[in-house]
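Report on the structure given below.
The values are calculated or read from the model by the stated rules, or taken from the named source; none is laboratory data. Please read all numbers here as calculations on a predicted model, not as lab measurements. Note that we place each Cβ from the backbone using ideal geometry, even for glycine, and neighbour counts take in every protein chain shown.
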Amino acid sequence: MKKLINAPDDVLADALAGVAAAHPSLTVHLDERFITRAGGPTPGKVGLVSGGGSGHEPLHGGYVGYGMLDAACPGEVFTSPVPDQIHAATTAVDAGAGVLHIVKNYTGDVLNFQMAAELADDDGVRVESVVVNDDVAVEDSTWTAGRRGTGATVFVEKIAGAAAERGADLATVAALAREVNERSRSFGVALTPCTLPAAGKPGFELADDEMELGVGIHGEPGRSRAKLAPAKEIATTALEAIHADMPLSGDVLVMVNGMGGTPLIELYVVYKAVAEWLSGHGVTIARNLVGNYITSLEMAGCSITVCRLTPELTELWDAPVETPGLRWGR
Amino acid sequence: MKKLINAPDDVLADALAGVAAAHPSLTVHLDERFITRAGGPTPGKVGLVSGGGSGHEPLHGGYVGYGMLDAACPGEVFTSPVPDQIHAATTAVDAGAGVLHIVKNYTGDVLNFQMAAELADDDGVRVESVVVNDDVAVEDSTWTAGRRGTGATVFVEKIAGAAAERGADLATVAALAREVNERSRSFGVALTPCTLPAAGKPGFELADDEMELGVGIHGEPGRSRAKLAPAKEIATTALEAIHADMPLSGDVLVMVNGMGGTPLIELYVVYKAVAEWLSGHGVTIARNLVGNYITSLEMAGCSITVCRLTPELTELWDAPVETPGLRWGR
Amino acid sequence: MLDTETFHRWIVETARLVEANADRLTSLDAAIGDADHGINLRRGFQAAVTALAEKPAATPGAVLATVGRALISKTGGASGPLYGTGFRHASKSLGEAAEVSELQLGAALAAAVAGIRQLGAAAEGDKTMVDAWTPAVAAYQSTVDGGGALAEATRAAADAAEGGLRSTVELQARKGRASYLGPRSVGHEDPGAASTVLLLRALATVTAET
Amino acid sequence: MLDTETFHRWIVETARLVEANADRLTSLDAAIGDADHGINLRRGFQAAVTALAEKPAATPGAVLATVGRALISKTGGASGPLYGTGFRHASKSLGEAAEVSELQLGAALAAAVAGIRQLGAAAEGDKTMVDAWTPAVAAYQSTVDGGGALAEATRAAADAAEGGLRSTVELQARKGRASYLGPRSVGHEDPGAASTVLLLRALATVTAET
Ligand SMILES: Nc1ncnc2c1ncn2[C@@H]1O[C@H](COP(=O)(O)OP(=O)(O)O)[C@@H](O)[C@H]1O
Ligand SMILES: Nc1ncnc2c1ncn2[C@@H]1O[C@H](COP(=O)(O)OP(=O)(O)O)[C@@H](O)[C@H]1O
Ligand SMILES: [Mg+2]
Ligand SMILES: [Mg+2]
Ligand SMILES: [Mg+2]
Ligand SMILES: [Mg+2]
């Protein structure tokens, strides 16, 4: 295992201290393990709290700031946060208008946020939860834990964050968050595995000519192994899977996301293929992101997320945002 | 070789097409291989042109836009651009106030920019060149090609770009660019090599417990091989090398830069160590960047760049910038 | 009758077994999950042992309440809330009792599995820790019902958990992270079922001489 | 006397040798540079061949002018401007001549190396292509001065370039990317010197029967 760390057990604490040192706009609660905006809660505004395992940076801590999250709760690497830290973050950001929990659909995240919501409820904080489940690589049936939450989380946090910033109430912000989730789908592909610092060896193995189609953001196996293919074919596989699940049309927001170990030049190669496929299918990319937005440690690969926009969603997407990971308009 | 590409020979063309599709704010001259702002040259403004081998994204194309570059000339992967494309870019962005070439100090880049400057001169375009040479890993003596240009390029492009945007003349912009370069030093460390698409195999080899201290951004060997060390030690080695060459004091701008294959969480671990070392030496980090700003394909590792700020440089750093790779203030 | 000390030893022994088997648990999780189950439980049970050491509990129920709280606060993942809730339900079932009979222990184990099933909404056959817990509790109960000694009953529980663990190999996961794999989840032991075996094996060990 | 056709064949033969040796050139560059010399030169000489095919040159000097321009426009790196400038200087030295004598070729080669030295500011011993060019031009000259035939002189040049290449192994680089290595550059052949050998070997081949 080759990592720029001090000791496997210190990765999260050290990284949080680094975030604290790097970003005066954030307050990092090192002991309780959550990150808030430095200014404290915005009076009257609905608070947005997200969280999940670490190792997906800039998600979630990098999305705390004006126009996006009020707090992020980083768990250990690839492990959901615990109820205490979510509870503490929820209480810290409540400004009387209630708090929205944005939760990626993994049993661990769901259970821990649920327990935290109950604790917050005991304190009289109104909490709504939206569960993000956009990954078409896994079946969504009542016989499974449902789809995984991946790239759409970035869209949900941005758009719900913009609505909250404008003063929308908790029910409205939650409804928007759910709408974004419902209109979004993702598909990921891994070329290499990644290694949990505490485990010291890769979570799975891939032959030199293999890729994992439909990989999860924690390196969970996906739909199938396949021979490594050109970027264009990979993009087609991903978009066909998305399109089969949610027919694409009209204006879309597209993210071509790097998983941490893939250089930007390759993401642009993929983006070209994505743009060509979509325009060939009569779909217009109205907005896009190309870069590392929700990663899986040093995994090589990419995920593609598509959201079918409405004029309202586009406008909220364009609204100013000022976070370490996403910034425009101020 | 595992890459998200279509064919090794198509990487650059495909990536440029992807950049064109992704960024309406840019015009990508696909045949002539250069990137300009979509709006064309800004009347009366000094034009800033940079360029170099591809594979360092977001450098340089990602820094074209308001407050930074007017044009970027991407060469083949890790190969300097050719005079024709630099000449074309120079002519395209000249708005009568002359053009500054920002060149990283490699023989190939220097020679090709020099030839382009002569061609532009023949057309009556005034060109000044600043050669960036901030890498303390290699000796700067009259007996060598001098130091390599690395991370300081980002600082030079940002600060000179801000000055040009404010209407400074060519001599002033060039002098500022040189000042930033002179006040900046870098040191890089690689944990893994990277693979040129056209070569198909890694440019060098590192054992499982080895790192390359002082690595170049093209995977050039550095000062020495060493046993992989904790992040804190690596940061200390880098900062001591920088400090030995240019004693640090006062306010600095620090970049902890990922080389393409290193996850952000590790960069924050390094940033913590950097912040502690600097504050232990009475140096104040006034501004910082943590992320992938000048990469080496999928190489794992990081580089640390420090610039000794002046009030003027800080103000220019803070000025609005709107590029795919760096954005704030608008 | 089991005293507070025995419950304390149960947790220490569980922590020891988890530590010794952490890599195996993580490997199982690598096959059908995200390769952290051993890491999670090690963190959780270390926290439980520390919590008990820092603030010794006065009753068996208090031991389990502390453990449940520590697991929920420190484990993370799916297993943290599930085991934590199990211990809290068991604790409530024991109430303030200073000593615990085999019948009371049986009720506590039943409460634990009920709490886990309620929170996780998993049924038997879903390839989760429930597949180890359910036969274990049943085996304990029937041993006690048949007049077996406490030591016999806990051993029967551990053995049945092991049987339950083996049964998970053939199953397709319908809950938790492994369910994302669909048919590809077949052919592997469930990590949570494997850790449940350790927990019950530890119980059998500390009650072996009672 | 060498005609336009021979000069054309020189470039085609060079392109062939570069193609055949591209991996070796790249490996040499991997050791002390950035592992692209073979890739760069392949691209450059392919472009030169294409340019000559698209717009046939009328004189030997025109051939070299086209090649110089193509190398500068397409190669990139340090070697592109250096070789390109070399060919352009050689072209200027040949002027409009329709046929080239051994004396004229000698002057052209001398002009090439002078152009390269001027642009790159490298001296002999700096571990660059200059270390192959310089003895090659000298050997060519002294063979011709001694009354040797053209074929002999070009072979002597290629052999001397090879000697120059071997001499670079012991040298520490003072120019180009390899200079960043300091003492670690010792013990390897210089890639540009190696490609210079190919260029001169190709010249010897196409002039062997003259
Ligand atoms: N809904 C559920 N009900 C019961 N047990 C579950 C459920 N979901 C997961 N588990 C158990 O949790 C184990 C995984 O725990 P762990 O790896 O620590 O958490 P995570 O899956 O969040 O990484 C599984 O092997 C399974 O036994
Ligand atoms: N200043 C110089 N003068 C002469 N030759 C040089 C000089 N710098 C570099 N070279 C030659 O160029 C070769 C490297 O070419 P190449 O790998 O194509 O370019 P780059 O170094 O830009 O990647 C070296 O091996 C050396 O022979
Ligand atoms: Mg987990
Ligand atoms: Mg090169
Ligand atoms: Mg797990
Ligand atoms: Mg080279």
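Could you check the range B:24-41 and list, in sequence order, the residues that are touching a helix residue (DSSP H, G or I) at 6+ places or on another chain (Cβ under 9 Å) and touching a residue at least 60 places away in the same chain (Cβ under 8 Å)?
Result: B:Leu26, B:His29.
Quick one: which of B:Ser303, B:Ser249, B:Ser279, B:Ser296 is touching an Asp or Glu at 6+ places or on another chain (Cβ under 9 Å) and among the small types (Gly, Ala, Ser)?
Result: B:Ser303 is the single residue among B:Ser303, B:Ser249, B:Ser279, B:Ser296 that is touching an Asp or Glu at 6+ places or on another chain (Cβ under 9 Å) and among the small types (Gly, Ala, Ser).
Does the range A:87-102 hold any residues that are surrounded by 24 or more Cβ atoms within 10 Å (Cβ to Cβ) and without any contact (Cβ under 8 Å) to a residue 40 or more places away in the chain, and which are they?
A:His87
Take the residues in the range C:58-107 that are within 14 Å of chain A (Cβ to nearest Cβ) and not in a helix (DSSP H, G or I), then tell me which one is nearest to ligand 3 (Cβ to nearest atom).
Going through the qualifying residues, I end up with C:Gly77.
Can you tell which of B:Glu266, B:Glu312, B:Glu298 is acidic (Asp, Glu), over 20 Å from the mean Cα position of the chain (by Cα) and more than 16 Å from A:Gly18 (Cβ to Cβ)?
B:Glu312
Is there a residue in the range D:177-189 that is at pLDDT below 95, surrounded by 18 or more Cβ atoms within 10 Å (Cβ to Cβ) and within 24 Å of D:Arg69 (Cα to Cα)?
Checking the range D:177-189: at least one residue is at pLDDT below 95, surrounded by 18 or more Cβ atoms within 10 Å (Cβ to Cβ) and within 24 Å of D:Arg69 (Cα to Cα).
Can you name the condition, by its number, that B:Thr284 falls short on among (1) surrounded by fewer than 21 Cβ atoms within 10 Å (Cβ to Cβ); (2) in contact (Cβ under 8 Å) with a residue 40 or more places away in the chain; (3) assigned to a strand (DSSP E or B)?
(2)
Could you identify the single residue in A:Phe204, A:Phe155 that is hydrophobic (A, V, I, L, M, F, W, C) and within 14 Å of another protein chain (Cβ to nearest Cβ)?
A:Phe204
Which is within 16 Å of ligand 3 (Cβ to nearest atom) and within 17 Å of C:Gly33 (Cα to Cα), of C:Ala122, C:Ala194?
C:Ala194
Among the candidates B:Asn105, B:Asn112, which residue alone is assigned by TED's automatic domain parsing to the domain that holds B:Pro58 and farther than 25 Å from B:Ala300 by Cβ?
B:Asn112
Looking at the range C:154-171, is at least one residue at pLDDT 95 or above, in contact with a Gly (Cβ under 7 Å, 6 or more places away or on another chain), assigned to a loop (DSSP other than H, G, I, E, B) and away from ligand 5 (no atom under 16 Å from the Cβ)?
Checked the range C:154-171: at least one residue is at pLDDT 95 or above, in contact with a Gly (Cβ under 7 Å, 6 or more places away or on another chain), assigned to a loop (DSSP other than H, G, I, E, B) and away from ligand 5 (no atom under 16 Å from the Cβ).
In the range B:77-96, which residues are within 16 Å of ligand 4 (Cβ to nearest atom) and under 20 Å from B:Arg126 (Cβ atoms)?
Listed by number, the residues that qualify are B:Pro83, B:Gln85, B:Ile86.
Would you point out the residue of the range C:19-55, among those that are touching a residue at least 24 places away in the same chain (Cβ under 8 Å) and outside any helix (DSSP H, G or I), that is farthest from ligand 6 (Cβ to nearest atom)?
Among them, the one singled out is C:Gly33.
From B:Ile102, B:Ile35, B:Ile5, which residue is within 14 Å of chain A (Cβ to nearest Cβ) and more than 20 Å from B:Leu196 (Cα to Cα)?
Just a single option satisfies the conditions, and that option is B:Ile35.
With A:Glu233, A:Glu212 as the choices, which residue is surrounded by fewer than 16 Cβ atoms within 10 Å (Cβ to Cβ) and more than 9 Å from chain C (Cβ to nearest Cβ)?
A:Glu233
Would the range A:236-253 turn up any residue that is at pLDDT 95 or above, at negative phi, within 22 Å of the chain's Cα centre (by Cα) and within 10 Å of another protein chain (Cβ to nearest Cβ)?
No.
Filter the range B:215-227 down to the residues that are among the charged types (D, E, K, R) and more than 9 Å from chain D (Cβ to nearest Cβ) and list them by number.
Selection gives B:Arg225, B:Lys227.
Considering the range C:16-36 alone, what residues qualify as being buried (at least 23 other Cβ atoms within 10 Å of the Cβ) and under 15 Å from the mean Cα position of the chain (by Cα)?
C:Val18, C:Leu25
Out of the range A:305-330, which residues are within 11 Å of chain B (Cβ to nearest Cβ), part of a strand (DSSP E or B) and of a type outside the set (D, E, K, R)?
A:Val321, A:Trp328
Quick check: anything in the range A:151-166 of a type in the set (A, V, I, L, M, F, W, C) and either surrounded by fewer than 19 Cβ atoms within 10 Å (Cβ to Cβ) or assigned to a loop (DSSP other than H, G, I, E, B) (or both)?
For the range A:151-166, residues of a type in the set (A, V, I, L, M, F, W, C) and either surrounded by fewer than 19 Cβ atoms within 10 Å (Cβ to Cβ) or assigned to a loop (DSSP other than H, G, I, E, B) (or both): absent.
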